[in-house]
Each structure stands twice: as structure tokens, then as C-alpha cells.
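Q: Let me begin by handing over the structure; questions about it come next.
The values are calculated or read from the model by the stated rules, or taken from the named source; none is laboratory data. Note that the structure is predicted; figures quoted are calculated from it, not measured. Note that we place each Cβ from the backbone using ideal geometry, even for glycine, and neighbour counts take in every protein chain shown.
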There are 2 protein chains.
Amino acid sequence: MNTKRIGQRTIALAHPPSVISFANIGGKFEHEGPLGSYFDEWNEDSFFGEKTWEKAESAMQKKVLQRALDKARLKPKDLDYIFAGDLLNQCIGSSFGLRDFHIPFYGLYGACSTMGESLSLAAMMIDGGFAKRCAAMTSSHFCTAERQYRMPVPYGSQRPPTAQWTATASGCTILAAEGPGPYITHITCGKIVDKGIKDGNNMGAAMAPAAYDTLAAFFRDTETKPQDYDLVITGDLGELGHDIVRSFFEADGISLDKNYQDCGLLLYDRENQDMHAGASGCGCSASVLNGYLLTELQRGTWQKILFAPTGALLSPTSSFQGESVPGICHAICISTKK
Amino acid sequence: MNTKRIGQRTIALAHPPSVISFANIGGKFEHEGPLGSYFDEWNEDSFFGEKTWEKAESAMQKKVLQRALDKARLKPKDLDYIFAGDLLNQCIGSSFGLRDFHIPFYGLYGACSTMGESLSLAAMMIDGGFAKRCAAMTSSHFCTAERQYRMPVPYGSQRPPTAQWTATASGCTILAAEGPGPYITHITCGKIVDKGIKDGNNMGAAMAPAAYDTLAAFFRDTETKPQDYDLVITGDLGELGHDIVRSFFEADGISLDKNYQDCGLLLYDRENQDMHAGASGCGCSASVLNGYLLTELQRGTWQKILFAPTGALLSPTSSFQGESVPGICHAICISTKK
């Protein structure tokens with residue numbers, strides 16, 4: 001027992017589960033962005049054929065799970081568990097999107113780190129012998145997030161330059177005990193880190209200390225350096241948060257200059273699409289992973305990447321009550337070799 | 001691999017983790033109820049010394065985790081993971097209540113089934129060799145739930161007879177790989193079940209089909225009957241939901257008459273405390289488990305119980321948009337023997 005833990009907080013999976021399928025879906029802006037060709041499905045209409053944006057978000061989860069199942073020629077009954085959550089109050093994106101599949105369901109709330117959390121738990125359930133196949137997934141929608149966290153979109157509120165743009169997107173990974181890879185080899189679970197940032201329009205700064213905490217623990221536990229990975233990629237820190245993480249590591253004498261990216265900086269065109277500090281939302285890292293990242297791992301562009309989605313654990317109520325913004329980050333090493 | 005699954009959906013843990021500590025906390029009404037003497041801590045003041053009810057709910061989680069740690073003479077660093085969630089938008093009860101402990105955190109959203117979900121995942125993480133010790137916990141607060149789901153308490157809205165009373169309570173279980181018991185021996189993960197109930201004031205009826213689905217799967221997979229357990233106890237179905245589950249099983253020729261209870265029917269005095277259809281909220285099953293149930297298992301009153309918390313996966317937004325109320329139920333067998 002317990003031989004799979006290395007260092008303080010990291011799990012080295014004994015039998016690394018394999019990605020056997022993945023799918024993503026996005027909206028108009030996501031499809032027009034630099035990663036547009038990596039989307040399986042997109043829709044010009046932000047309602048995705050539904051009557052409300054919340055129902056549209058559920059429709060995205062439904063479509064993306066169905067597509068991931070189809071790609072692997074699987075039926076819903078072939079999955080032992082789904083791990084899913086989203087940003088909506090009471091995670092209705094997931095519960096309404098997934099109710100018709102009748103798959104055992106563990107609901108998560110990890111804010112924008114949910115793709116990391118779901119992938120971590122799905123991988124450990126398989127490695128632990130509790131499941132053969134699991135789906136890990138999440139979603140976000142610009143219009144549902146704006147009206148829930150900030151202002152309804154039709155109000156046309158101005159956004160400060162530090163604000164990020166919640167991605168209208170969803171992504172799903174199906175993992176199995178056996179498969180051709182890429183494989184989930186290591187997992188570091190995040191701690192809640194709160195450095196007192198109170199600006200709800202500067203999430204990158206609020207989440208950066210959590211990303212640093214988890215990544216530093218991962219490198220320490222695995223006795224590796226950023227250079228040992230073809231890519232180190234955080235979830236949705238955006239321009240500011242990405243810079244903060246780089247400077248934290250610089251202060252430790254560790255350079256992240258060469259291979260450190262952030263999903264929030266990749267999803268939209270930084271010059272021609274005005275998304276301010278970058279993309280955010282659970283769907284940001286989920287759609288970048290389940291499109292660009294896993295595709296390029298399969299193509300052999302990279303052999304080993306460190307995927308570290310970040311989440312801000314605030315609510316409008318906590319901010320109204322004067323609270324700061326706690327962050328969390330889960331790190332997962334994905335490799336083409338076991 | 002995978003030898004731990006029995007039947008369709010049930011896990012028989014190879015090395016059943018032991019409960020090594022538990023604690024609960026409640027408000028005035030919970031302490032005045034029939035299980036009052038089983039509370040470790042209670043407060044006459046619904047604010048628990050804080051400025052807002054949301055901060056009070058976080059304070060409950062903080063206090064209950066600290067007490068569970070103290071009882072086992074553990075420090076926060078002795079826990080490998082916390083699994084926690086609550087009913088508040090973005091689960092701020094958990095993220096703000098637990099941020100100062102610096103323990104790796106997996107946030108959950110399972111509505112009122114969260115005590116079952118957290119206990120299931122904590123047990124599997126230990127049995128799978130990923131952790132030595134984990135905490136599983138959740139909370140709810142009458143005043144935060146009323147203003148979020150229904151009406152702010154000061155409005156004095158009337159509640160229909162089918163309405164349940166959200167418990168102001170929190171509970172925490174600490175599990176470990178080794179210990180004197182009681183042990184977590186079997187787990188059945190719930191599916192999202194939606195039979196079209198739309199009345200947000202009749203949660204018991206909405207959740208009952210999910211409870212039936214999970215309990216029936218558990219009995220089928222383990223080839224056992226309700227009579228094989230000293231107690232079968234659902235989470236917070238209340239009077240109506242409890243009756244519906246009993247009639248569903250009756251239609252299958254299975255009697256639940258002798259030993260079937262519901263935490264929502266035990267927490268308050270059904271005659272002298274007017275709580276309508278019974279108690280509800282994540283804190284209901286969490287405080288009943290981490291007081292009455294685990295204490296009486298330790299005392300030898302029972303040898304084997306089946307604990308099955310239920311959750312309603314709705315939000316005010318989903319109801320405003322005409323949606324029905326999906327339910328979920330996770331079942332856990334807790335036994336004094338491995």
C-alpha cells in the first residue's frame with residue numbers, strides 16, 4: 001500500500017491509464033481563434049439550438065460526451081464513471097447535460113481547474129482497479145458566466161484590461177486501463193491558496209500563487225525541472241497570471257522561459273481578437289487539452305507535457321462580503337510513454 | 001486489476017478503510033432535536049460568531065474539521081486529501097472554510113448527497129493506495145440555503161407542508177488505511193435520475209427515484225436484502241420521499257418496513273419541532289452520520305448499516321427555466337467488521 005505516493009503530494013500511477021478518446025466543442029470565437037482547426041464541433045449560435053444559455057451549456061456537455069463515445073465506438077454503459085462539473089450555480093451544466101446517459105456520476109466543483117480535477121480522479125479510479133473506463137469533462141459558456149458572475153451580457157458593461165474572456169467550450173477525455181496512449185503518469189493535487197487578491201476582474205493574479213504552489217510541489221516530488229517536459233501549460237492564468245508564475249519560479253532560480261504556456265493565451269488571437277488578458281473558464285483548458293494538446297501528443301510533436309489547470313474558488317456572494325479570491329491548481333503529467 | 005467491482009456498479013473494497021475520527025456541529029434547532037446529545041458542538045447563534053450566514057457556514061466546516069483532527073490527535077499535514085463540497089453557489093462553504101488548513105483538496109458538488117460522495121471517494125483513494133488518511137465532509141445552513149434557493153429568511157415566506165428544513169449543520173469523517181473500525185466495505189455510485197418532478201418544494205419526491213435506483217443496484221450487486229443490514233438509512237428524503245422509496249421496493253416484493261430510516265426524519269422532533277416534511281441539506285446526513293450513526297456503530301448497537309445520502313441537482317435558474325429536478329444517491333456500507 002501507499003507505494004504510489006512520491007514526495008509530499010504527488011502520485012506516480014503504477015499502471016498509467018491511457019487516453020482512448022477525446023472531443024471538444026466551441027462557440028464562434030473559439031472556432032475563429034488560432035486553435036479553431038482542433039475543434040471537433042462548433043456552433044455560430046451561442047444558444048446551440050436551445051432556448052437559454054444555461055441549456056446551451058448543458059447541450060455542449062451532452063454533445064461532447066456523445067462525440068467522445070462515438071470516436072471510441074463506445075456506448076454509455078461502457079463507462080464506469082463520469083467525473084464532471086462546471087462553473088454554474090449547483091453545476092447544472094453537468095447535471096442536466098449528462099442526466100440522459102445513465103452513467104454513474106461523481107459531481108465536482110473545482111472552478112476552472114475542473115478538467116484537471118476530473119482527469120486526476122478518473123485516472124486514479126482506473127489505476128486503483130475501481131474502473132475500466134471513465135470520462136472526465138467540463139464546460140463553460142461566456143454568456144452564462146457573465147450574467148452569473150458579473151453582469152448580463154445585454155447590459156454591455158465595460159471590462160477592464162485585466163479581465164479574461166470565459167470560453168464558450170467543453171471538452172471530454174475518456175481514459176481506460178489499456179490503450180495506445182498518451183498516458184496519465186503523474187498527478188499532484190492542489191491546495192487552496194489565497195494570497196489576498198480581491199479583484200474579481202484579475203483572476204490570473206489570484207490563481208497564479210496556486211499554480212506556483214502545485215507546480216513547485218510537482219517538480220520537487222518528481223525531482224524534475226521544467227526543461228524535462230516538452231511543454232508546461234497552465235489552465236487560464238492569462239497574460240498577468242502567466243507572468244506572475246514565471247517570476248515566482250525565476251526568484252527560485254528556475255527558468256520557465258522556453259516551454260511555459262497557458263491555455264488562456266492560446267485559445268484566442270492575441271492581436272485580432274480583443275479578449276483582453278486572455279481566455280478563462282473551465283471550457284478553456286478543457287477544449288485546449290481535448291483538441292490541440294492531445295492531438296499534438298498523438299502526432300508526436302511532444303512526448304511529455306505537464307498540464308496544470310487553475311481555478312478561482314470565489315462566488316459573487318463571497319466577493320460582495322469582502323472576501324479575497326482563493327485559487328487552486330491540479331497538475332497532471334501526460335506522456336506518450338508509460 | 002478491476003477485481004474489486006461486483007455486479008454492475010458496486011465496489012467491494014479489498015482493504016476496507018477504517019473510520020478513525022468523526023465530528024459534527026449544529027445550530028440551535030439541531031441541538032434541541034432528538035439527536036441533540038450526539039452533537040460535538042453547537043451554537044445558539046446562527047451566525048456562529050461571524051458577520052454573515054455564508055461565513056457562518058464556512059466557520060462550521062473549519063470547526064468540524066479541526067475537531068475531527070483533534071479527536072484523532074492529528075495535524076492538518078497528516079491528511080493526504082480532503083473531499084468536500086456544499087450547497088452554496090461555487091461551494092464557498094468549503095473553499096473558504098478549509099483554505100487555512102493547506103491540505104490537498106478535491107472539491108465536490110453532489111448537493112445533499114455530498115457526504116456519500118466524499119466518503120466514497122475518500123475510501124477508494126485509501127483502498128487504491130493513493131492516500132493513508134483522508135477527510136470527507138460537507139455542510140449546510142438553513143439561512144444561506146433559504147436565501148439562495150427560495151427567499152431570504154427575513155421575508156417570512158410560508159412553506160408548504162411538503163417542504164423540508166435545511167439543517168444548519170456540518171459533519172466530518174476521517175478515514176485511514178488502518179484502524180479499529182467501523183470500516184467502509186462497499187460503495188455504489190449513483191446515477192442521475194430524473195422522473196420529471198418540478199416542485200422545488202417537494203425534494204423528497206424528486207430524490208426518491210434516485211435512492212431506489214442506487215439501493216436496488218446495491219442489493220442486486222451484493223446479492224443481499226435489506227434484512228441483511230441492521231439499518232438502511234437514506235439522506236434527506238423526508239416523510240414523502242421515505243414513503244415513496246418504501247412503496248417502490250414493495251412493488252418489487254421487497255419489504256423495507258423493519259429497518260429503513262431517513263436522516264431527515266431523525267434530526268428534528270416530528271411532533272414538537274415543526275419542520276414540515278423533515279430535515280434536508282448536506283448537513284443533515286453529514287451530522288447524523290458523524291454523530292448518531294458512527295457513535296452507535298462504535299457502541300455495538302449495530303454491526304452493519306447501509307448509508308445512502310440523496311441529492312437534488314437543481315438550481316433556482318434551472319427551475320425558473322422550467323426544468324425538472326434530477327436526483328442522485330450514493331450508497332455506502334459501513335460495518336464493524338472488515
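Q: Out of B:Ile334, B:Ile328, which single residue is modelled with pLDDT of 95 or more, in a strand (DSSP E or B) and within 30 Å of A:Arg147 (Cβ to Cβ)? Give the derivation first.
A: On the way: B:Ile334 fails: within 30 Å of A:Arg147 (Cβ to Cβ).
Exactly one residue qualifies, and that residue is B:Ile328.
Q: While we're here: Residues to consider are B:Ala176, B:Ala169; find the one that is within 12 Å of chain A (Cβ to nearest Cβ) and either in contact with a strand residue (DSSP E or B) (Cβ under 6 Å, 6 or more places away or on another chain) or without any contact (Cβ under 8 Å) to a residue 40 or more places away in the chain (or both).
A: Values: B:Ala169 fails: within 12 Å of chain A (Cβ to nearest Cβ).
None of the others qualify; the one that does is B:Ala176.
Q: Looking at A:Ala68, A:Ala72, A:Ala131, A:Ala59, can you tell me which residue is within 29 Å of A:Lys191 (Cβ to Cβ) and either away from chain B (no Cβ under 11 Å) or in contact with a strand residue (DSSP E or B) (Cβ under 8 Å, 6 or more places away or on another chain) (or both)? Reasoning before the result, please.
A: On the way: A:Ala68 fails: within 29 Å of A:Lys191 (Cβ to Cβ); A:Ala72 fails: within 29 Å of A:Lys191 (Cβ to Cβ); A:Ala59 fails: within 29 Å of A:Lys191 (Cβ to Cβ).
The match here is A:Ala131.
Q: A further question follows. Would a scan of region A:299-311 turn up a residue that is among the β-branched types (Val, Ile, Thr), outside any helix (DSSP H, G or I), closer than 25 Å to A:Thr162 by Cα and not assigned by TED's automatic domain parsing to the domain that holds A:Ala163?
A: We begin by selecting, within region A:299-311, every residue among the β-branched types (Val, Ile, Thr); these are A:301, A:305, A:310.
Subset that is outside any helix (DSSP H, G or I): A:301, A:305, A:310.
Filter again for closer than 25 Å to A:Thr162 by Cα, leaving A:310.
Checking which are not assigned by TED's automatic domain parsing to the domain that holds A:Ala163 leaves us with A:310.
Yes, some residue in region A:299-311 is among the β-branched types (Val, Ile, Thr), outside any helix (DSSP H, G or I), closer than 25 Å to A:Thr162 by Cα and not assigned by TED's automatic domain parsing to the domain that holds A:Ala163.
Q: If A:Ser46 satisfies all but one of (1) in a loop (DSSP other than H, G, I, E, B); (2) polar (S, T, N, Q); (3) under 23 Å from B:Lys191 (Cβ atoms), what's the number of the condition it fails?
A: So the condition that A:Ser46 fails would be (3).
Q: Give the number of residues within region A:159-201 that are touching a Pro at 6+ places or on another chain (Cβ under 8 Å) and among the aliphatic types (A, V, I, L, M).
A: 6
Q: Give me the pairs, please: first residue somewhere in region A:281-309 and within 23 Å of A:Phe29 (Cβ to Cβ), second residue anywhere and charged (D, E, K, R) and crowded, with 24+ Cβ neighbours inside 10 Å, beta-carbon distance under 7 Å, and either six or more positions apart or on two chains.
A: Cβ pairs passing all conditions: A:Gly281/A:Asp236; A:Cys282/A:Asp86; A:Cys284/A:Asp236; A:Ser285/A:Asp236; A:Ser287/A:Glu30.
Q: Do we have A:Ala23 as in contact with a His (Cβ under 7 Å, 6 or more places away or on another chain), among the small types (Gly, Ala, Ser), assigned by TED's automatic domain parsing to the domain that holds A:Ala169 and at negative phi here? Give the steps one after another, and end with the answer.
A: On the way: in contact with a His (Cβ under 7 Å, 6 or more places away or on another chain): no; among the small types (Gly, Ala, Ser): yes; assigned by TED's automatic domain parsing to the domain that holds A:Ala169: yes; at negative phi: yes.
Taking the combined requirement at face value, the residue does not satisfy it.
Q: Mind checking whether some residue in region A:278-286 is surrounded by fewer than 24 Cβ atoms within 10 Å (Cβ to Cβ) and farther than 22 Å from A:Lys225 by Cα?
A: no
Q: Here is a further query. Which count do you get for residues in region B:304-328 that are in contact with a Phe, Trp or Tyr (Cβ under 9 Å, 6 or more places away or on another chain) and more than 11 Å from chain A (Cβ to nearest Cβ)?
A: Final tally of qualifying residues: 4.
Q: Just to be sure before I move on: is A:Lys51 surrounded by fewer than 24 Cβ atoms within 10 Å (Cβ to Cβ), assigned to a helix (DSSP H, G or I) and within 14 Å of chain B (Cβ to nearest Cβ) in the structure I sent?
A: Working: surrounded by fewer than 24 Cβ atoms within 10 Å (Cβ to Cβ): yes; assigned to a helix (DSSP H, G or I): no; within 14 Å of chain B (Cβ to nearest Cβ): yes.
Here the answer is no, as A:Lys51 does not meet what is asked.
Q: Residue check: is B:Thr10 within 14 Å of another protein chain (Cβ to nearest Cβ), modelled with pLDDT of 95 or more and at negative phi? Explain how you work it out, then say what you get.
A: Numbers: within 14 Å of another protein chain (Cβ to nearest Cβ): yes; modelled with pLDDT of 95 or more: yes; at negative phi: yes.
Yes, satisfied.
Q: Within region B:319-338, track down each residue that is over 16 Å from B:Ser285 (Cα atoms) and out of contact with any Lys or Arg (no Cβ under 9 Å at 6 or more places or on another chain). Lay out the reasoning, then the answer.
A: Kept after step one, since they are over 16 Å from B:Ser285 (Cα atoms), are these residues of region B:319-338: B:319-326, B:335-338.
Within region B:319-338, B:Phe320, B:Lys338 meet the criteria.
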